[in-house]
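Here's the structure, in structure tokens; my notes come after.
The values are calculated or read from the model by the stated rules, or taken from the named source; none is laboratory data. In this text the structure is predicted, and so the values were computed from the model without any measurement. Cβ placement follows ideal geometry from the backbone for every residue including glycine, while neighbour counts extend to all protein chains displayed. Calculation scope for accessible area: heavy atoms of the full protein, side chains included, ligands and nucleic acids excluded. Shrake-Rupley method; radii C 1.70, N 1.55, O 1.52, S 1.80 Å.
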Amino acid sequence: MAHEPDGQEREQWPTVRLSRLLRRWWEEAGSPPGGTRPTQQALASRLGIDQTTLSRYLNPKHASTAPPRVVEALHAQLRAPAAELARARELCRAALEENSRQVTAGNGPALTGATGAANGTGGRGSPGRLRFRWALPTLVAAVMLAFVAGVVVRGQYASPPRAAAEDAAGAVPLSGASIEWPLLMKRKEDQFTRARALQHLLMAHGYEVKADGFFGDETQDAVMDFQRRHTLPSDGKVGKDTWPALVRTVGPGADGHAVLALQELLHNTGLGGTEVSGEFTAATAEDLRFFQSRHGLRPTGRADVDTWLALLVFQRPPAGTPAYQRSTGPHGVQLPPMGA
């Protein structure tokens, strides 16, 4: 039976405590004589994030964990007390670590500070943090069994390195678990960030599609043509064979649709605050290194095949259908020319 949190338990969650602190900063921003508190819309614009994301960071009742860069920017923008920055950083670290533990607790690809926090639950029915707490005895027992079977485990992980092509198209071990490329195919409904990333990647290869999240005939035709050109099964489905051929290694100084795809995915991992601009800035590299560190990848600040795989898997569901600006793309970003 799922354990339901009471009010006192929930108040101790790091994400809630951080959100309460950030909201107080915002509410008190206009307190000094002559001071004017910025609207959330204006503040979100200064931070380079959308207003909906900011409102989750500032709402203790439906809290979402603000990433370190956003916490520090809020402290500076709202001129909060200098002594409280260290406390905010500590709460931010605790909240992100708690979210990461949900992954290792066997709950599948965790939503890092996202939907579970937004609706007060960490999954179906019970908060993620509490689910981890109740699962701890099971985890301890599992660790002991794994230790006893150490010879077998070592044998599995001491297998010869796979060929580069296998690594590109296969699964990557993250926090002790294997993940696989998501499968996208033609559907009527909006497939959100993953589909938009696919469409941006297709545009990076010169295809004229719209990055609207809808996998329709236009996107399917482009996928099938791409598959034929790369001697892949031409079924119009994007999975373990097609994704590795589509993604590109991008890093500082890069720009265009491949960078837009990366930033879309990075912004929607639950870290929030990644500017979707199409330019691989120092801030993008910093956010990417943070994501890589949290998911057991080398923090290079460059998106290689393994990083793309992790980004595509660790996506949070949208809180609601976003009102895309079809002419410019999501977040009001002016899309670069085709093939950029």
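Quick notes
- Top-ranked residue in the range 272-289 [being open to solvent by 10 Å² or more (accessible area, probe 1.4 Å) and aliphatic (A, V, I, L, M); ranked as farthest from Ala195 (Cα to Cα)]: Ala282
- Residue ID - farthest from Val250 (Cα to Cα), chosen from residues in the range 180-208 that are in contact with a His (Cβ under 9 Å, 6 or more places away or on another chain), open to solvent by less than 50 Å² (accessible area, probe 1.4 Å) and of a type outside the set (Ser, Thr, Tyr): Gln199
- Residues (in contact with a Leu (Cβ under 7 Å, 6 or more places away or on another chain) and within 18 Å of His230 (Cβ to Cβ)) located in the range 175-196: Trp181, Leu184
- All of Arg187, Arg248 fail the test of being of a type outside the set (Asp, Glu) and closer than 24 Å to Glu275 by Cα, apart from Arg248.
- Annotation note: Cβ proximity below 8 Å between a residue of the range 208-232 that is farther than 19 Å from Phe192 by Cβ and free of Cβ contacts under 8 Å to residues at least 24 places away in the same chain and a residue that is of a type in the set (A, V, I, L, M) and part of a helix (DSSP H, G or I) (sequence gap 6+ or interchain) occurs for His230/Ala245; Leu232/Ala245.
- Residue check for Gln292: open to solvent by less than 10 Å² (accessible area, probe 1.4 Å), more than 20 Å from the chain's Cα centre (by Cα) and not small (Gly, Ala, Ser): no
- Residue within the range 214-230 that is closer than 30 Å to Ala282 by Cα and small (Gly, Ala, Ser) present: no
- Residue in the range 197-207 that is closer than 25 Å to Phe314 by Cβ, more than 26 Å from the chain's Cα centre (by Cα) and not aliphatic (A, V, I, L, M) present: no
- Selected residue (criterion: nearest to Pro67 (Cα to Cα)) from residues of the range 252-301 that are touching a strand residue (DSSP E or B) at 6+ places or on another chain (Cβ under 7 Å) and part of a loop (DSSP other than H, G, I, E, B): His295
- Residue that is within 15 Å of the chain's Cα centre (by Cα), of a type outside the set (Phe, Trp, Tyr), open to solvent by 30 Å² or more (accessible area, probe 1.4 Å) and modelled with pLDDT under 80, where the choices are Thr115, Thr104: Thr115
- Checked against the criterion of being of a type in the set (S, T, N, Q), under 23 Å from Ser178 (Cα atoms) and surrounded by fewer than 21 Cβ atoms within 10 Å (Cβ to Cβ), the range 222-245 has no qualifying residue.
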